[in-house]
Amino acid sequence: MLSERQKEILKLIVISYIKLAHPVSSNLICEKLKCSSATVRNEMMALEEYGYLEKTHTSSGRIPSEAGYRYYVDNLMELKELNGEDVYKLQTIFDNQQLELSDVINKSLQIVSDMTSYTTVILDEKSHENKLKEISIVPISNNEIVVLVVTDKGYVEHKDLRLDNVSLDEIKNTVKLINDLVVGTPIDEVSSKLEFEIKPIIGKYVKQHEMIYNAFYDVFRDMSAHNVNIVGKNNIFKHKEFNDIGKVQDIFEKFDDNEKMLSIKESNNNNDISVYIGHESNLDDDVTVIKTNYKTDKDNGTIAIIGPKRMEYSRVVNLLDYIKKQIEREENGK
(Lines give C-alpha, C1' and ligand atoms only; values in the text may rest on other atoms or scores of the structure.)
Protein backbone atom coordinates (compact mmCIF):
# COMPACT_ATOMS: atom_id res chain seq x y z
CA MET A 1 0.00 0.00 0.00
CA LEU A 2 1.48 3.31 -1.09
CA SER A 3 1.35 6.32 1.19
CA GLU A 4 -0.32 9.48 -0.07
CA ARG A 5 3.08 11.12 -0.53
CA GLN A 6 4.37 8.14 -2.51
CA LYS A 7 1.28 8.28 -4.71
CA GLU A 8 1.83 11.98 -5.33
CA ILE A 9 5.50 11.43 -6.17
CA LEU A 10 4.70 8.57 -8.55
CA LYS A 11 2.02 10.67 -10.23
CA LEU A 12 4.39 13.61 -10.66
CA ILE A 13 7.11 11.38 -12.11
CA VAL A 14 4.74 9.76 -14.61
CA ILE A 15 3.31 13.10 -15.74
CA SER A 16 6.74 14.75 -15.92
CA TYR A 17 8.29 11.87 -17.85
CA ILE A 18 5.41 11.80 -20.31
CA LYS A 19 5.88 15.52 -20.92
CA LEU A 20 9.68 15.89 -20.79
CA ALA A 21 10.85 12.47 -22.05
CA HIS A 22 13.87 12.34 -19.74
CA PRO A 23 14.42 10.85 -16.26
CA VAL A 24 12.89 12.83 -13.43
CA SER A 25 15.25 14.05 -10.71
CA SER A 26 14.49 14.40 -7.01
CA ASN A 27 15.14 18.15 -7.34
CA LEU A 28 12.15 18.53 -9.66
CA ILE A 29 9.92 16.68 -7.20
CA CYS A 30 11.22 18.80 -4.33
CA GLU A 31 10.25 21.95 -6.18
CA LYS A 32 6.74 20.64 -6.76
CA LEU A 33 6.09 19.25 -3.27
CA LYS A 34 8.13 21.74 -1.23
CA CYS A 35 9.85 19.06 0.84
CA SER A 36 13.47 18.06 1.50
CA SER A 37 15.55 16.29 -1.10
CA ALA A 38 16.39 13.55 1.42
CA THR A 39 12.70 12.80 1.92
CA VAL A 40 12.04 12.65 -1.80
CA ARG A 41 15.08 10.45 -2.49
CA ASN A 42 13.96 8.00 0.19
CA GLU A 43 10.46 7.84 -1.23
CA MET A 44 11.78 7.38 -4.76
CA MET A 45 13.99 4.54 -3.59
CA ALA A 46 10.97 2.94 -1.93
CA LEU A 47 8.96 3.25 -5.14
CA GLU A 48 11.84 1.68 -7.03
CA GLU A 49 11.92 -1.22 -4.57
CA TYR A 50 8.16 -1.68 -5.03
CA GLY A 51 8.77 -1.95 -8.78
CA TYR A 52 7.02 1.27 -9.80
CA LEU A 53 10.15 3.22 -10.81
CA GLU A 54 13.30 2.38 -12.72
CA LYS A 55 16.72 4.01 -12.69
CA THR A 56 18.42 4.51 -16.03
CA HIS A 57 22.13 3.98 -16.62
CA THR A 58 22.71 7.51 -17.89
CA SER A 59 21.02 9.58 -15.19
CA SER A 60 20.42 9.74 -11.47
CA GLY A 61 16.74 10.38 -12.18
CA ARG A 62 13.94 7.83 -12.34
CA ILE A 63 11.42 6.80 -14.97
CA PRO A 64 8.15 4.91 -14.52
CA SER A 65 8.27 1.14 -14.92
CA GLU A 66 5.52 -0.77 -16.66
CA ALA A 67 4.00 -1.46 -13.24
CA GLY A 68 4.28 2.25 -12.44
CA TYR A 69 2.30 3.20 -15.52
CA ARG A 70 -0.29 0.57 -14.66
CA TYR A 71 -0.67 1.89 -11.11
CA TYR A 72 -0.97 5.43 -12.46
CA VAL A 73 -3.70 4.48 -14.97
CA ASP A 74 -5.66 2.41 -12.47
CA ASN A 75 -5.37 4.67 -9.42
CA LEU A 76 -3.93 8.12 -10.07
CA MET A 77 -4.95 9.29 -13.55
CA GLU A 78 -7.35 12.24 -13.66
CA LEU A 79 -9.61 12.49 -16.69
CA LYS A 80 -10.05 16.10 -17.75
CA GLU A 81 -12.39 17.46 -20.37
CA LEU A 82 -11.04 17.73 -23.89
CA ASN A 83 -9.87 21.19 -24.81
CA GLY A 84 -11.95 23.26 -27.19
CA GLU A 85 -9.57 22.88 -30.13
CA ASP A 86 -9.63 19.08 -29.96
CA VAL A 87 -13.44 19.05 -29.76
CA TYR A 88 -13.80 21.52 -32.63
CA LYS A 89 -11.59 19.52 -35.00
CA LEU A 90 -13.46 16.29 -34.31
CA GLN A 91 -16.94 17.77 -34.22
CA THR A 92 -16.43 19.22 -37.69
CA ILE A 93 -16.17 15.65 -38.99
CA PHE A 94 -19.20 14.35 -37.11
CA ASP A 95 -21.31 17.32 -38.23
CA ASN A 96 -20.63 16.57 -41.91
CA GLN A 97 -23.83 14.84 -43.04
CA GLN A 98 -22.32 13.97 -46.42
CA LEU A 99 -19.89 11.43 -44.97
CA GLU A 100 -20.56 7.70 -44.59
CA LEU A 101 -19.82 6.19 -41.19
CA SER A 102 -16.62 4.56 -42.43
CA ASP A 103 -15.37 7.93 -43.69
CA VAL A 104 -16.29 9.63 -40.40
CA ILE A 105 -14.33 7.05 -38.41
CA ASN A 106 -11.33 7.18 -40.72
CA LYS A 107 -11.19 10.97 -40.78
CA SER A 108 -11.63 11.31 -37.01
CA LEU A 109 -8.84 8.81 -36.34
CA GLN A 110 -6.63 10.66 -38.85
CA ILE A 111 -7.21 13.86 -36.88
CA VAL A 112 -6.36 12.09 -33.61
CA SER A 113 -3.18 10.70 -35.15
CA ASP A 114 -2.16 14.18 -36.29
CA MET A 115 -3.01 15.77 -32.93
CA THR A 116 -1.23 13.21 -30.76
CA SER A 117 1.58 11.92 -33.02
CA TYR A 118 0.44 8.38 -32.24
CA THR A 119 -0.66 5.60 -34.57
CA THR A 120 -4.39 4.91 -34.83
CA VAL A 121 -6.09 1.69 -35.90
CA ILE A 122 -9.62 0.92 -37.11
CA LEU A 123 -10.76 -2.71 -37.06
CA ASP A 124 -14.11 -2.89 -38.85
CA GLU A 125 -16.47 -5.87 -38.52
CA LYS A 126 -19.28 -4.78 -40.81
CA SER A 127 -18.91 -7.70 -43.22
CA HIS A 128 -19.87 -10.30 -40.63
CA GLU A 129 -23.26 -8.94 -39.62
CA ASN A 130 -24.45 -7.46 -42.92
CA LYS A 131 -26.27 -9.31 -45.68
CA LEU A 132 -26.31 -8.28 -49.31
CA LYS A 133 -29.50 -6.36 -50.13
CA GLU A 134 -28.66 -5.07 -53.59
CA ILE A 135 -25.82 -4.38 -55.96
CA SER A 136 -26.03 -1.67 -58.62
CA ILE A 137 -23.73 0.24 -60.95
CA VAL A 138 -23.27 3.86 -62.03
CA PRO A 139 -21.48 4.34 -65.38
CA ILE A 140 -18.80 7.04 -65.26
CA SER A 141 -17.30 6.68 -68.73
CA ASN A 142 -16.99 4.09 -71.48
CA ASN A 143 -14.71 1.92 -69.38
CA GLU A 144 -15.31 3.09 -65.80
CA ILE A 145 -18.14 2.31 -63.41
CA VAL A 146 -18.91 2.71 -59.73
CA VAL A 147 -20.25 -0.42 -58.05
CA LEU A 148 -22.65 0.25 -55.16
CA VAL A 149 -23.18 -2.54 -52.64
CA VAL A 150 -26.07 -2.05 -50.18
CA THR A 151 -26.57 -4.27 -47.12
CA ASP A 152 -29.72 -5.09 -45.19
CA LYS A 153 -28.56 -2.79 -42.37
CA GLY A 154 -28.24 0.20 -44.65
CA TYR A 155 -24.48 0.11 -45.10
CA VAL A 156 -23.36 1.31 -48.55
CA GLU A 157 -19.96 0.46 -50.02
CA HIS A 158 -18.78 1.90 -53.32
CA LYS A 159 -15.94 0.64 -55.48
CA ASP A 160 -14.50 2.16 -58.64
CA LEU A 161 -13.92 -0.36 -61.44
CA ARG A 162 -12.20 0.01 -64.78
CA LEU A 163 -13.27 -2.56 -67.37
CA ASP A 164 -11.71 -2.05 -70.81
CA ASN A 165 -13.50 -3.32 -73.90
CA VAL A 166 -16.50 -4.57 -71.94
CA SER A 167 -20.06 -3.59 -72.87
CA LEU A 168 -22.35 -1.97 -70.35
CA ASP A 169 -25.09 -4.49 -71.15
CA GLU A 170 -22.81 -7.35 -70.16
CA ILE A 171 -22.06 -5.66 -66.84
CA LYS A 172 -25.78 -5.13 -66.24
CA ASN A 173 -26.44 -8.81 -66.96
CA THR A 174 -23.85 -9.74 -64.33
CA VAL A 175 -25.42 -7.40 -61.78
CA LYS A 176 -28.87 -8.94 -62.44
CA LEU A 177 -27.46 -12.43 -62.01
CA ILE A 178 -25.87 -11.52 -58.68
CA ASN A 179 -29.04 -9.82 -57.44
CA ASP A 180 -31.18 -12.81 -58.45
CA LEU A 181 -28.99 -15.45 -56.83
CA VAL A 182 -26.89 -13.87 -54.07
CA VAL A 183 -29.13 -11.30 -52.32
CA GLY A 184 -29.61 -12.24 -48.67
CA THR A 185 -26.14 -13.76 -48.34
CA PRO A 186 -23.86 -12.46 -45.53
CA ILE A 187 -21.23 -10.20 -47.08
CA ASP A 188 -18.34 -12.38 -45.90
CA GLU A 189 -19.90 -15.39 -47.68
CA VAL A 190 -20.66 -13.71 -51.01
CA SER A 191 -17.25 -14.45 -52.56
CA SER A 192 -17.70 -18.15 -51.84
CA LYS A 193 -21.20 -18.13 -53.34
CA LEU A 194 -19.91 -16.36 -56.44
CA GLU A 195 -17.22 -19.01 -56.82
CA PHE A 196 -19.50 -22.02 -56.50
CA GLU A 197 -22.88 -20.80 -57.80
CA ILE A 198 -22.27 -17.89 -60.16
CA LYS A 199 -18.99 -18.78 -61.83
CA PRO A 200 -20.18 -22.14 -63.25
CA ILE A 201 -23.18 -20.54 -65.01
CA ILE A 202 -22.21 -16.96 -65.80
CA GLY A 203 -20.90 -17.92 -69.22
CA LYS A 204 -24.47 -18.74 -70.32
CA TYR A 205 -25.59 -15.16 -69.73
CA VAL A 206 -22.49 -13.01 -70.19
CA LYS A 207 -20.15 -13.32 -73.17
CA GLN A 208 -17.27 -11.34 -71.67
CA HIS A 209 -17.79 -13.11 -68.39
CA GLU A 210 -14.24 -13.79 -67.21
CA MET A 211 -13.07 -10.19 -66.79
CA ILE A 212 -16.40 -9.04 -65.36
CA TYR A 213 -16.67 -11.95 -62.95
CA ASN A 214 -13.13 -11.42 -61.63
CA ALA A 215 -13.82 -7.72 -61.06
CA PHE A 216 -16.98 -8.34 -59.04
CA TYR A 217 -15.37 -11.20 -57.15
CA ASP A 218 -12.57 -8.84 -56.06
CA VAL A 219 -15.13 -6.26 -54.86
CA PHE A 220 -16.74 -8.74 -52.46
CA ARG A 221 -13.46 -10.33 -51.45
CA ASP A 222 -12.17 -6.92 -50.36
CA MET A 223 -15.36 -6.23 -48.43
CA SER A 224 -15.34 -9.56 -46.63
CA ALA A 225 -11.72 -9.37 -45.59
CA HIS A 226 -11.04 -8.18 -42.07
CA ASN A 227 -10.72 -4.45 -42.50
CA VAL A 228 -7.57 -3.28 -40.72
CA ASN A 229 -6.86 0.38 -41.38
CA ILE A 230 -3.72 1.84 -39.79
CA VAL A 231 -3.23 5.61 -39.76
CA GLY A 232 0.01 7.39 -38.92
CA LYS A 233 2.47 4.48 -39.00
CA ASN A 234 5.40 6.84 -39.38
CA ASN A 235 4.48 8.67 -36.17
CA ILE A 236 6.45 5.97 -34.37
CA PHE A 237 9.62 7.76 -35.54
CA LYS A 238 8.67 10.85 -33.52
CA HIS A 239 9.23 9.16 -30.17
CA LYS A 240 12.68 8.70 -28.70
CA GLU A 241 11.87 5.17 -27.55
CA PHE A 242 11.96 4.08 -31.18
CA ASN A 243 15.20 5.59 -32.42
CA ASP A 244 16.63 2.14 -33.06
CA ILE A 245 15.94 1.14 -36.66
CA GLY A 246 15.71 -2.52 -35.74
CA LYS A 247 12.98 -1.79 -33.20
CA VAL A 248 11.04 0.29 -35.72
CA GLN A 249 11.30 -2.42 -38.38
CA ASP A 250 9.99 -4.97 -35.90
CA ILE A 251 6.98 -2.81 -35.04
CA PHE A 252 6.31 -2.08 -38.72
CA GLU A 253 6.27 -5.81 -39.43
CA LYS A 254 3.65 -6.21 -36.71
CA PHE A 255 1.61 -3.35 -38.19
CA ASP A 256 1.63 -5.22 -41.51
CA ASP A 257 0.54 -8.50 -39.88
CA ASN A 258 -3.27 -8.48 -40.02
CA GLU A 259 -3.54 -11.42 -37.65
CA LYS A 260 -1.36 -9.62 -35.10
CA MET A 261 -3.38 -6.42 -35.42
CA LEU A 262 -6.67 -8.28 -35.14
CA SER A 263 -5.51 -9.58 -31.77
CA ILE A 264 -6.12 -6.03 -30.52
CA LYS A 265 -9.82 -6.50 -31.20
CA GLU A 266 -9.85 -9.84 -29.44
CA SER A 267 -8.22 -8.56 -26.25
CA ASN A 268 -11.60 -8.04 -24.64
CA ASN A 269 -15.26 -8.12 -25.58
CA ASN A 270 -16.66 -5.21 -23.60
CA ASN A 271 -17.27 -1.67 -24.79
CA ASP A 272 -15.21 0.15 -22.17
CA ILE A 273 -11.97 2.01 -22.81
CA SER A 274 -9.20 -0.55 -22.23
CA VAL A 275 -5.53 0.24 -21.65
CA TYR A 276 -2.87 -2.37 -22.43
CA ILE A 277 0.64 -1.40 -21.36
CA GLY A 278 3.83 -3.04 -22.61
CA HIS A 279 3.61 -6.82 -22.55
CA GLU A 280 -0.17 -6.59 -21.94
CA SER A 281 -0.62 -5.27 -25.48
CA ASN A 282 0.41 -8.57 -27.11
CA LEU A 283 1.95 -6.30 -29.74
CA ASP A 284 5.27 -5.06 -28.38
CA ASP A 285 6.76 -4.63 -24.90
CA ASP A 286 7.57 -0.97 -25.61
CA VAL A 287 4.12 0.23 -26.67
CA THR A 288 0.78 0.99 -25.09
CA VAL A 289 -2.49 0.18 -26.85
CA ILE A 290 -5.64 2.01 -25.77
CA LYS A 291 -8.80 0.72 -27.44
CA THR A 292 -12.55 0.64 -27.35
CA ASN A 293 -15.34 -1.08 -29.25
CA TYR A 294 -18.23 0.70 -30.90
CA LYS A 295 -21.59 -0.68 -31.97
CA THR A 296 -24.31 0.91 -34.08
CA ASP A 297 -27.43 -0.34 -35.84
CA LYS A 298 -25.44 -0.79 -39.04
CA ASP A 299 -21.91 -1.49 -38.00
CA ASN A 300 -19.53 -2.42 -35.22
CA GLY A 301 -15.79 -2.50 -34.78
CA THR A 302 -12.80 -1.47 -32.73
CA ILE A 303 -10.77 1.74 -32.67
CA ALA A 304 -7.37 1.89 -31.01
CA ILE A 305 -4.47 4.26 -30.45
CA ILE A 306 -0.90 2.94 -30.27
CA GLY A 307 2.04 4.85 -28.87
CA PRO A 308 4.98 4.53 -26.51
CA LYS A 309 4.40 3.58 -22.89
CA ARG A 310 5.21 7.26 -22.25
CA MET A 311 1.78 8.15 -23.59
CA GLU A 312 -0.63 10.96 -22.72
CA TYR A 313 -3.02 8.45 -21.15
CA SER A 314 -5.68 10.85 -19.93
CA ARG A 315 -5.94 12.70 -23.24
CA VAL A 316 -6.04 9.53 -25.32
CA VAL A 317 -8.71 7.91 -23.14
CA ASN A 318 -10.83 11.07 -23.44
CA LEU A 319 -10.36 11.24 -27.21
CA LEU A 320 -11.40 7.63 -27.72
CA ASP A 321 -14.37 8.01 -25.42
CA TYR A 322 -15.50 11.13 -27.28
CA ILE A 323 -15.20 9.45 -30.70
CA LYS A 324 -17.00 6.31 -29.53
CA LYS A 325 -19.91 8.32 -28.11
CA GLN A 326 -20.17 10.46 -31.23
CA ILE A 327 -20.22 7.40 -33.52
CA GLU A 328 -22.93 5.67 -31.51
CA ARG A 329 -24.98 8.84 -30.99
CA GLU A 330 -24.95 9.82 -34.65
CA GLU A 331 -25.69 6.35 -35.99
CA ASN A 332 -28.18 5.19 -33.38
CA GLY A 333 -30.13 8.46 -33.41
CA LYS A 334 -29.08 9.26 -29.85
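Scan the stretch 153-161 and tell me whether some residue there is exposed (fewer than 15 other Cβ atoms within 10 Å of the Cβ), touching a residue at least 12 places away in the same chain (Cβ under 8 Å) and at positive phi. Yes, the conditions are met somewhere in the stretch 153-161.
Scanning the stretch 212-235 for residues that are modelled with pLDDT under 90 and among the aliphatic types (A, V, I, L, M), which turns out farthest from residue 162 (Cα to Cα)? Here the residue is 228.
Of the residues that sit in the stretch 42-67 and are part of a helix (DSSP H, G or I) and either in contact with a strand residue (DSSP E or B) (Cβ under 6 Å, 6 or more places away or on another chain) or among the hydroxyl-bearing types (Ser, Thr, Tyr) (or both), which one is farthest from residue 6 (Cα to Cα)?
Per the stated criteria, the residue is 66.
Within the set 198, 111, 187, 171, the sole residue that is in contact with a Pro (Cβ under 9 Å, 6 or more places away or on another chain) and buried (at least 17 other Cβ atoms within 10 Å of the Cβ) turns out to be 171.
Every residue, every condition in (1) closer than 25 Å to residue 243 by Cβ; (2) surrounded by fewer than 19 Cβ atoms within 10 Å (Cβ to Cβ); (3) touching a strand residue (DSSP E or B) at 6+ places or on another chain (Cβ under 8 Å); (4) not hydrophobic (A, V, I, L, M, F, W, C), yes or no:
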| position | (1), (2), (3), (4) |
| --- | --- |
| 273 | no, yes, yes, no |
| 277 | yes, no, yes, no |
| 288 | yes, no, yes, yes |
| 297 | no, yes, no, yes |
| 313 | yes, no, yes, yes |
| 323 | no, no, yes, no |
| 326 | no, no, no, yes |
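Of the strands (runs of 3 or more DSSP E) entirely within the stretch 237-334, those holding at least 2 residues that are at pLDDT below 95 and not polar (S, T, N, Q) occupy 287-295, 300-308.
Annotation: residue 113 fulfils all but one of (1) assigned to a strand (DSSP E or B); (2) outside the structural domain of residue 181 (by TED's automatic domain parsing); the unmet one is (1).
Conditions tested, residue by residue: (1) exposed (fewer than 12 other Cβ atoms within 10 Å of the Cβ); (2) within 27 Å of residue 123 (Cβ to Cβ); (3) among the polar types (S, T, N, Q).
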{"site": "48", "(1), (2), (3)": "no, no, no"}
{"site": "51", "(1), (2), (3)": "no, no, no"}
{"site": "65", "(1), (2), (3)": "no, no, yes"}
{"site": "71", "(1), (2), (3)": "no, no, no"}
{"site": "86", "(1), (2), (3)": "no, yes, no"}
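As a summary of the residue check, residue 105 satisfies the conditions (1) crowded, with 16+ Cβ neighbours inside 10 Å; (2) not in a helix (DSSP H, G or I); (3) not hydroxyl-bearing (Ser, Thr, Tyr) except for the one numbered (2).
For the stretch 123-139, a tally of residues being at pLDDT 90 or above and either in contact with a strand residue (DSSP E or B) (Cβ under 6 Å, 6 or more places away or on another chain) or assigned to a loop (DSSP other than H, G, I, E, B) (or both) returns 7.
Within the stretch 3-37, the set of residues being modelled with pLDDT under 95, of a type in the set (A, V, I, L, M, F, W, C) and under 17 Å from residue 51 (Cα atoms) comprises just one member, 24.
Screening 142, 165 for residues that are out of contact with any strand residue (DSSP E or B) (no Cβ under 8 Å at 6 or more places or on another chain) and either within 17 Å of residue 209 (Cα to Cα) or assigned to a strand (DSSP E or B) (or both) leaves exactly one candidate, 165. Of the residues making up the stretch 26-41, those that are over 14 Å from residue 13 (Cα atoms) and surrounded by 12 or more Cβ atoms within 10 Å (Cβ to Cβ) are 35, 37, 39.
For the stretch 76-99, give me each residue that is acidic (Asp, Glu) and in a loop (DSSP other than H, G, I, E, B).
Once the filter is applied, which keeps residues that are acidic (Asp, Glu) and in a loop (DSSP other than H, G, I, E, B), the stretch 76-99 yields 78, 81, 95.
The values are calculated or read from the model by the stated rules, or taken from the named source; none is laboratory data. All figures in this text were calculated on a predicted structure; none of them were measured in a lab. Ideal geometry is used to build each Cβ from the backbone, glycine not excepted, and the neighbour counts take in all protein chains shown.
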